[in-house]
Number of protein chains: 2
Amino acid sequence: MAEKYVEMWKTLDMDIEKHNQLLNGLGQYYTSAVLSQKNRPKKMDYFDFVVSEVHGLRIKELNDLRKAGKKVVGAFCIYAPEEIVYAADATMVGLCGGADFSVPDAEVVLPRSLCPLIKSFYGFKLNRTCPYFQSSDLVVGETTCDGKKKVYELLNKLVPTYVIEVPHKPDTQQGKEFWLKELKAFKAEIEKLTGKEITTEKLNQAIELINDKRRALRRLSDLRANSPAPISGLDGLLINQIGFMDDVRRFTVKVNDLCDELEQRVIDNEGVAKEDAPRLMISGSPMAVPNWKVHSIAEESGATVTVEESCVGTRYFTDLVEPKGTTMKDLLWAIDEKYSKIPCACFTPNDRRIDSIKQLAKQFKVDGVIYYTLQNCHDYNVEGVKVERALKAQDLPMLKIETDYAMGDSAQIKTRIEAFLEIIQGKREH
Amino acid sequence: MAEKYVEMWKTLDMDIEKHNQLLNGLGQYYTSAVLSQKNRPKKMDYFDFVVSEVHGLRIKELNDLRKAGKKVVGAFCIYAPEEIVYAADATMVGLCGGADFSVPDAEVVLPRSLCPLIKSFYGFKLNRTCPYFQSSDLVVGETTCDGKKKVYELLNKLVPTYVIEVPHKPDTQQGKEFWLKELKAFKAEIEKLTGKEITTEKLNQAIELINDKRRALRRLSDLRANSPAPISGLDGLLINQIGFMDDVRRFTVKVNDLCDELEQRVIDNEGVAKEDAPRLMISGSPMAVPNWKVHSIAEESGATVTVEESCVGTRYFTDLVEPKGTTMKDLLWAIDEKYSKIPCACFTPNDRRIDSIKQLAKQFKVDGVIYYTLQNCHDYNVEGVKVERALKAQDLPMLKIETDYAMGDSAQIKTRIEAFLEIIQGKREH
């Protein structure tokens, strides 16, 4: 890929040499972790292709859009209201933040005790190896956690960064009204950026566009509830991740194509693993590309991950934006309502998440939950105490893993997951 | 103290044996760190007495108030709007959260990677050795940081805990309006707790009561700007800390008495240290009793701490609540405005804090700044990057110390502070 796109990367002010190192590492990891899986659906070809061109063809597409006068908005969080961005003919992309590669560069500036996602994204901007960052006209941040909130201030020195405030008590009337005002302010910001007015018609179209994407991802997710699961958890996660980078319309079509194939698999009783493979939920902090560590280890150890209770998972697509009227206020209010239902651990109290985990455990017939926390992610880490109590009351085993992006603890995680699977096996035999 | 109050502590469901261990440790530490200081003002006698009775006589006072039908509200943060509490004839007290003593108990439940303050307070409630917790009818939390916000949910299982939401972008109109609504909701909560209506007259009186306390603390702080400083930084910090536990009216009188003595010291050119002692600001995370570690080490090493840019310091008393009218909305709006000006690192961006640090450095003639961060306190830790850049631009040396409540790193901190003082000395000689 490198030679073909090197001129484009230069125009984006990328560090070509360092970026080559990144691509080589990613390519090797993808081959060993993803491509090595057995019995993958044929339609994964498309997603493998997207990954192989994730810093190439997709970036060319974004740059072609920009040459045509459109804007690219980068984001890190599913609270960045993408419907508003698309309503102004702009495109939203998820920014790089899932690799250990950029962490040492970040640690020159940032405290080491921050979560790896934050260090990773700041490092990617500093070292100029993320073409999504380099193609973004604006970054949209949010106040979902202390670490991101404060690092956005530093990021703003490197790339224009607009921060939208998310209220933390989700169910108060004043919180919802406040969030509506923040949405209005964000709409004005996007109109300023793009020079385009966001009409009710445009916003309605954008809502439908993103709803279709969420529906496709939900369809895929629901298919994983079958036993045997027709697709691996790692491929499921990968598609959730790609959804933040790919062209929305094309991605939606391709996910539905894959679902057609998986439905046939279900009819044929064809799965990716043995029917009696322990079924796991992974619940917790978000996982950005190429954070495949825990899924990969769990499935190599004989489990199947059937659901991600995650921002890169159910939290993104469970609810749709459903306007109850046709005015701008109706549309924004519907966005307000949908986003307020995302059970992010930034909320207090966040009982909706506990309820969601219990419901998902049932729907996806899970035998156990891996509670996944990025190191020093206080919100998910502390909420794990409540989740553990709730699962214990349901006699559902939970394994808590707090880790970063480095591979140093892989062997230890593998040992712990293997022991966890033995506990599940033991429960089954009783 | 123990025998005299043991029956009272039993009625508060305290763990008597464990509490004795705590008191013994505290007493020894107070003797070695505080009482051993030379040339202390005479009027410190009162504050030494308060500390000696901090789990005794003061708790008896609170319990006498409760027997008389009044309520005690515990808090951890200067965003808990105490004016509203006092307007309902209730009393606000700061809860225990500054000692390593209770951290191991907390770590049985909480992640180790939380900040020591949070682990300490949760441990104090779990192990029942904080009589302020045991005397609180309600705890008021706030959403100033992820760790506290999420641990309040767990705390609520042990003691009724009401969480007030603080907006994080302090200067938007929608943020201020939202905060006003949160203040109104809090007022309703306190009226429910106490069964008393908060009238404009009562709220006005409470505002004046707390303003007087803030004025006294500001007077004390301003006196420390003199050279030589008439009082040690450790004693200054101690008084700021005691202000969260003592009776407000009496405390205000006693601080003013001390200020009278210090004014005479200034006239007599009498200081606690040599006139050429390096003058330091300590800026960063709050320091609850008995967190005296860094002040103690710095002053033992020959420096004088002349100002705390801290919630237990300037952030508490710099601004007053100044109503522009007499209606309830005027009064609440004045509270809104004052609290919004507290330059807490939870705000984004928080340029007001950078401005404040620069102004304080000038006013208190500091030769250097110790930037103090509680371990894993993301807000203050990341904001340190901006503070360091701002101070560098002013050619003011800064030393960053990230630490917890354990004493294991004291020798290392001492070495670092001594080296820092040498740098300051070197700059002076050039």
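The values are calculated or read from the model by the stated rules, or taken from the named source; none is laboratory data. Source: prediction; values computed, not measured. With ideal geometry, Cβ positions are generated from the backbone for all residues, glycine too; neighbour counts draw on all protein chains shown. These area figures cover heavy atoms from the full protein model, side chains too; ligands, DNA and RNA do not enter into them. Shrake-Rupley method; radii C 1.70, N 1.55, O 1.52, S 1.80 Å.
Descriptive notes on the structure:
- Tensor-based shape of the stretch A:32-152 (alpha-carbon gyration tensor, a/c under 1.5 rounded, otherwise prolate or oblate): oblate
- Listed residues B:Ser36, B:Ser135, B:Ser221, most fluctuating in chain B (Gaussian network, C-alpha, under 10 Å): B:Ser36
- FRET efficiency, B:Lys42 to A:Glu107 (Cβ-Cβ, R0 51 Å, nearest 0.05): 0.55
- Convex hull volume per residue, computed on the Cα atoms of the stretch B:359-430, equals 94 Å³.
- With R₀ fixed at 60 Å, the C-beta to C-beta distance from A:Asp395 to B:Gln363 puts the FRET efficiency at about 0.45.
- 1.4 Å probe accessible area per residue over the stretch A:19-157, in Å²: 32 Å²
- Label-point separation, A:Tyr29 to A:Lys341 (7 Å along Cα→Cβ), nm: 3.4 nm
- Less than 5 angstrom separates the built amide H of A:Val163 from those of A:Gly141, all sequence-distant by 5 or more or on a different chain.
- Binned Cα-Cα distances of the stretch B:320-367, short to long, each 5 Å bin given as a whole percent: 5, 21, 17, 16, 17, 13, 8, 3, 1, 0
- Relative pair counts by distance (%), Cα atoms of the stretch B:278-430, 5 Å bins: 2, 9, 18, 20, 19, 13, 8, 5, 3, 2, 1, 0
- Accessible area buried at the A-B interface, both sides summed, 1.4 Å probe (Å², nearest 100): 3900 Å²
- For the pair B:Val159 and A:Asp257, label points projected 7 Å from Cα toward Cβ lie 6.1 nm apart.
- Residue-level accessible surface for A:Glu418, protein heavy atoms, 1.4 Å, Å²: 70 Å²
- Ranking by accessible area, most exposed first, for B:Lys386, B:Lys338 with a 1.4 Å probe: B:Lys386, B:Lys338
- Which of B:Glu308, B:Glu402 is most accessible, then next, and so on - probe 1.4 Å: B:Glu402, B:Glu308
- Overall form of the stretch A:121-213 per C-alpha gyration tensor (a/c, 1.5; a/b vs b/c): oblate
- Calculated label separations, B:Gly426, copies of the chain, 7 Å along the beta-carbon direction, nm: 5.9
- Summary for B:Leu320: label point 7 Å along Cα→Cβ; distances to the equivalent points in the other copies, ascending, 5.9 nm.
- The coefficient of translational diffusion for the protein assembly as shown, derived via Stokes-Einstein from the alpha carbon Kirkwood radius under 25 °C and 0.890 mPa s, stands at 85 µm²/s.
- Percent carbon-and-sulfur accessible area, the protein assembly as shown, ignoring ligands, DNA and RNA, probe 1.4 Å: 51 percent
- Threshold 50 Å² - residues in the stretch B:109-156 whose accessible area is reduced by that much or more when the chain is no longer isolated, probe 1.4 Å: B:Pro111, B:Ser113, B:Asp146, B:Lys149, B:Lys150, B:Glu153, B:Leu154
- In a reduced charge model with +1 at each Lys and Arg Cβ and -1 at each Asp and Glu Cβ, the stretch B:344-430 shows a dipole moment near 320 debye about its Cα centre.
- Placing +1 on the Cβ of every Lys and Arg and -1 on the Cβ of every Asp and Glu, with nothing else charged, gives chain B a dipole about its Cα centre of roughly 440 debye.
- Residues within the reach of a label modelled at A:Gln425 (point 7 angstrom out along Cα to beta-carbon, backbone nitrogen below 16 Å), restricted to the stretch A:362-396, are A:367-368.
- Most mobile of A:Lys148, A:Lys157, A:Lys196 in a GNM of chain A (Cα contacts under 10 Å): A:Lys157
- Mean Cα-pair separation over length for chain B, i.e. relative contact order, pairs under 8 Å, 6 or more apart, %: 17 percent
- Charges were assigned to the Cβ only: +1 to each Lys and Arg, -1 to each Asp and Glu. The resulting dipole of the stretch B:34-105 about its Cα centre is roughly 260 debye.
- The fraction of all Cα pairs in chain A landing in successive 20 Å bins from 0 to the largest distance is 26, 61, 13, 0, given as whole percents.
- Summary of the geometry: the stretch B:157-181 and the stretch B:368-430, compared by the centres of their Cα atoms, lie 31 Å apart.
- With DNA, RNA and ligands ignored, accessible area of A:Arg66 (1.4 Å probe; Å², nearest 10): 70 Å²
- Put A:Leu391, A:Leu209 in order of accessible area, highest first, and with a 1.4 Å probe you get A:Leu209, A:Leu391.
- Area projected by the alpha carbon convex hull of the stretch A:51-119, averaged over all directions, nm²: 6.0 nm²
- CD proxy at 222 nm, helix term only [per DSSP H run n ≥ 4: -39500 (n - 2.57); per residue of chain A; nearest 500]: -16500 deg cm²/dmol
- Long hydrophobic helices in chain B: the complete DSSP H runs spanning 27 Å or more by Cα along their own axis with mean Kyte-Doolittle hydropathy of at least -1.0 are B:173-194, B:200-223, B:248-267, B:410-429.
- Heavy-atom accessible area, 1.4 Å probe, ligands and nucleic acids excluded: residues of the stretch A:157-184 down by at least 20 Å² from chain alone: A:Lys157, A:Val163, A:Glu165, A:His168, A:Lys169, A:Gln174, A:Glu177, A:Phe178, A:Lys181, A:Glu182
- Using a 7 Å Cα-to-Cβ projection, A:Ile16 label spacings across copies, nm, ascending: 8.0
- A straight chain from A:Val6 to A:Glu208 at 0.36 nm per residue would run longer than the Cα-Cα distance by 69.1 nm.
- Given a 1.4 Å probe and the protein chains as shown, A:Cys346 ends up with an accessible area of around 0 Å².
- Largest mean-square fluctuation among B:Met407, B:Met398, B:Met328, in a Gaussian network model of chain B whose springs join Cα atoms under 10 Å apart, belongs to B:Met407.
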